[in-house]
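These notes concern the structure reproduced below.
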Amino acid sequence: MALSETLTKQGTFPTPPFSARGPLSVRLLDLLSAAPDGDPHLIPLADEALQAATDIVHDDDIQLALFLLYGLHYGSVVETDDAWEWHPSLIALRLHLEAAFEAELRRVVPVPALPEPSSAAVAAALFALTGEDSGPSLSRYIAAKANREQLAEFLVHRSIYTLKEADPHSWAIPRLTGRAKAAMVEIQSDEYGGGRPERMHATIFAGMMRGLGLDDRYGSYVDQVPAVTLASLNMMSMFGLNRRLRGAIAGHLAAFEMTSSIPCGLYSRGFRRNGFGQDVTWYFDEHVEADAVHEQIAGRDLAGSLAEDEPSLLPDILFGAAACLTVDGWAGAHILDAWTAGNSALRVPLVTGAAASAPASGSES
Amino acid sequence: MSDLNRAAPRIVACPNGPLLVRGELDLVTPEGDPIERKRRTIALCRCGVSSIKPFCDGTHKAIGFTTTE
Ligand code: FES
């Protein structure tokens with residue numbers, strides 16, 4: 001793949017390439033299709049959605065609504081009038097949904113016993129927590145069994161976060177201070193390519209999507225993913241954008257990095273087994289080495305230092321780490337359960353059947 | 001200022017894990033050929049099982065490598 005191609009600016013859609021999933025997201029998409037006009041009162045509609053939801057984390061309408069609201073801050077989700085980003089009605093809606101989402105996460109996520117608030121003890125506790133075997137593994141399935149269609153489905157799921165890789169945690173940089181901030185910046189700088197845009201992880205991932213014949217524009221596959229995949233990104237956005245949750249975002253990043261290098265080696269194996277070359281596996285190969293570095297920094301220097309400097313954040317550091325494992329565990333189990341039952345793991349099928357017709361990498365066009 | 005310019009290497013011996021290396025140093029083969037360093041901070045394997053030696057690939061966790069005396 002030509003270097004210039006990997007540097008192409010990420011494309012966007014003039015109108016959202018995905019559909020609403022209920023009354024709340026219908027209303028939001030409708031509002032965002034025009035410039036703000038007045039102060040729509042959205043809380044009653046949100047309350048109806050919250051009352052109708054049996055499980056907020058898996059609720060399509062609520063998670064899509066949160067995804068749209070955070071998308072106003074990230075960009076590339078709905079192209080709309082910039083004035084919506086800080087519109088009081090939408091901020092009020094986001095805070096209202098976040099309160100319920102956070103409460104649900106705190107109710108369902110099992111948090112381990114708290115270690116001493118020392119850097120070494122926190123790192124050890126996080127490595128212990130993330131090292132616990134949590135049953136059947138998506139990465140082992142991908143290494144040994146997944147076919148090309150399943151690999152494409154896997155990238156579709158991953159694309160919701162990974163095309164914005166590192167961005168949710170970057171919200172935390174100005175919300176941290178001292179050693180924890182320095183550690184966060186050290187990790188994020190590497191995520192963003194260390195000054196070389198072609199090495200930016202999100203950019204490498206976009207190249208891998210194209211290698212499988214997938215559309216790398218953000219939002220292409222929102223319709224295809226279940227609520228829990230959106231919830232995984234929404235949770236990071238919530239942790240990163242709320243300063244009071246800076247412990248949770250630090251813990252989240254630590255758990256994320258600690259559960260990445262070994263699975264990425266297995267993912268890479270699955271893609272090679274299906275005939276893909278290094279241009280496609282680069283993303284995972286890069287993460288094997290990068291995340292073995294990041295997990296050390298994240299455990300001791302980010303989460304550990306934060307616990308030493310602000311011991312009151314210790315419970316949230318462990319909560320953020322456990323929430324990462326729980327929610328991403330559900331998202332992974334959703335895929336694995338579908339595949340082992342012989343089904344697609346997508347909410348709606350891929351329109352183009354892209355992956356099936358993707359050329360083997362290395363066969364230059 | 002002078003510290004930044006020198007960028008003296010510093011190696012953190014991570015408990016039960018790799019050697020984390022920050023700062024300028026030459027990483028070479030026995031023949032003296034440079035080993036490509038893809039990032040500013042690197043982790044060198046000290047458990048012996050990494051598949052990307054001399055770098056750590058996280059496998060030390062899978063084998064239960066410990067550094068405690
Ligand atoms: S120290 Fe990490 S793989 Fe050897």
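Nearest 100 Å² is fine: how much accessible area is buried between A and B, summed over both sides, with a 1.4 Å probe?
1600 Å²
Spelling out what I want: for every residue of region B:33-49, take phi, set θ = phi - 60°, compute 6.51 cos²θ - 1.76 cosθ + 1.60 (Karplus), and round to whole Hz; glycine and proline get x.
Once θ is set to phi - 60°, the couplings for region B:33-49 become 6, x, 9, 4, 10, 8, 8, 5, 9, 10, 10, 9, 5, 10, 9, x, 10 Hz.
Counting other Cβ atoms within 10 Å, which GluC sites (Glu not before Pro) in region A:102-152 have at most 13 and lie in a DSSP loop?
Qualifying residues, ordered by number: A:Glu132.
Give me the one-decimal nm value for the distance between modelled label points at A:Ala333 and B:Ala62, 7 Å along each residue's Cα-to-Cβ direction.
Computed distance between label sites A:Ala333 and B:Ala62 equals 2.4 nm.
Filter the trypsin sites (Lys or Arg not before Pro) in region A:1-103 down to the DSSP loop ones having no more than 15 other Cβ atoms within 10 Å, then list what survives.
Here the sparse-neighbourhood loop sites are A:Lys9.
Residue-wise, which Karplus ³J(HN,Hα) couplings in Hz belong to region A:329-342, taking 6.51 cos²θ - 1.76 cosθ + 1.60, θ = phi - 60°, and x for glycine or proline?
For region A:329-342, the Karplus-derived couplings read x, 5, 4, x, 5, 4, 5, 5, 4, 5, 5, 5, 8, x Hz, x marking Gly and Pro.
Looking only at other chains, what is the average number of their beta-carbon atoms within 10 angstrom of each beta-carbon in A:295-303?
Per-residue shielding by partner chains comes out at 4.
In chain A, if the dipole is taken from +1 on Lys/Arg beta carbons and -1 on Asp/Glu beta carbons about the Cα centre, which of A:Gly211, A:Leu32, A:Leu318 is farthest to the positive end?
A:Gly211
Starting from the residue with the highest accessible area, list A:Phe284, A:Phe127 in decreasing order, probe 1.4 Å.
My answer, sorted largest first, is A:Phe127, A:Phe284.
Given axes a ≥ b ≥ c from the Cα gyration tensor, I'd like to know whether region A:78-220 is rounded (a/c under 1.5), prolate (a/b larger than b/c) or oblate.
Rounded shape, in that the Cα axes give a/c under 1.5.
Amide H to amide H under 5 Å from B:Ile42: which residues, 5+ apart in sequence or cross-chain, H placed 1.01 Å off N in plane?
Residues meeting the amide H criterion: B:Val21.
Helix-only mean residue ellipticity at 222 nm, chain A, DSSP H runs n ≥ 4 weighted -39,500 (n - 2.57), per residue, nearest 500. What is it?
Rounded to the nearest 500, the figure is -18500 deg cm²/dmol.
Ignoring ligands, DNA and RNA, what percent of the accessible area of region A:3-108 is carbon or sulfur (1.4 Å)?
Whole-percent figure for carbon plus sulfur exposure: 54.
Take every residue in peptide B:20-32, count the Cβ atoms of other chains within 10 Å of its Cβ, and give the average of those counts.
Across the residues of B:20-32, the mean count of other-chain Cβ atoms within 10 Å is 1.
Quick one: how many lysine pairs does the protein assembly as shown have with C-alpha atoms less than 25 Å apart and a gap of 8 or more or different chains? Give me the count, please.
So the count of such lysine pairs works out to 9.
Take the alpha carbon gyration tensor of chain A, find the square roots of its eigenvalues, order them as a ≥ b ≥ c, and report rounded if a/c is under 1.5; if not, report prolate when a/b exceeds b/c, else oblate.
Because its axes are fairly even, with a/c under 1.5, chain A counts as rounded.
Could you order A:His294, A:His73, A:His334 by accessible surface area, starting with the largest, using a probe radius of 1.4 Å?
So the residues, ranked largest to smallest area, are A:His334, A:His73, A:His294.
Summarise the partner chain shielding of A:59-68 as one whole number: the mean count of Cβ atoms from other chains within 10 Å of each residue's Cβ.
The per-residue average across the peptide is 0.
Counting only heavy atoms of the protein chains, get the accessible area per residue of the protein assembly as shown (1.4 Å probe) and round it to a whole Å² value.
Each residue of the protein assembly as shown exposes 43 Å² on average to a 1.4 Å probe.
If you add up the charges near A:Asp59, with Lys and Arg at +1 and Asp and Glu at -1, over every other residue whose beta carbon is less than 13 angstrom from its beta carbon, what do you get?
Charge balance near A:Asp59 sits at -4.
Looking at the square roots a ≥ b ≥ c of the eigenvalues of the Cα gyration tensor of region B:3-63, which shape do they give, rounded for a/c under 1.5, prolate if a/b is larger than b/c, or oblate?
Because a/c hits 1.5 or more and a/b fails to exceed b/c, region B:3-63 counts as oblate.
Across region A:111-125, in residue order, what do the Karplus-derived ³J(HN,Hα) couplings come to in whole Hz, using 6.51 cos²θ - 1.76 cosθ + 1.60 with θ = phi - 60° and x for Gly and Pro?
Values per residue, Gly and Pro as x: 9, x, 4, 7, x, 4, x, 10, 4, 5, 5, 5, 4, 5, 5 Hz.
The values are calculated or read from the model by the stated rules, or taken from the named source; none is laboratory data. Bear in mind that the values here come from a model prediction, so they are computed numbers and not experimental data. Methodologically, a virtual Cβ is constructed for each residue, glycine included, from the backbone with ideal geometry; neighbour enumeration extends over all protein chains shown. Quick note on the areas: whole protein, heavy atoms, side chains included, nothing else; ligands and nucleic acids left out. Shrake-Rupley method; radii C 1.70, N 1.55, O 1.52, S 1.80 Å.
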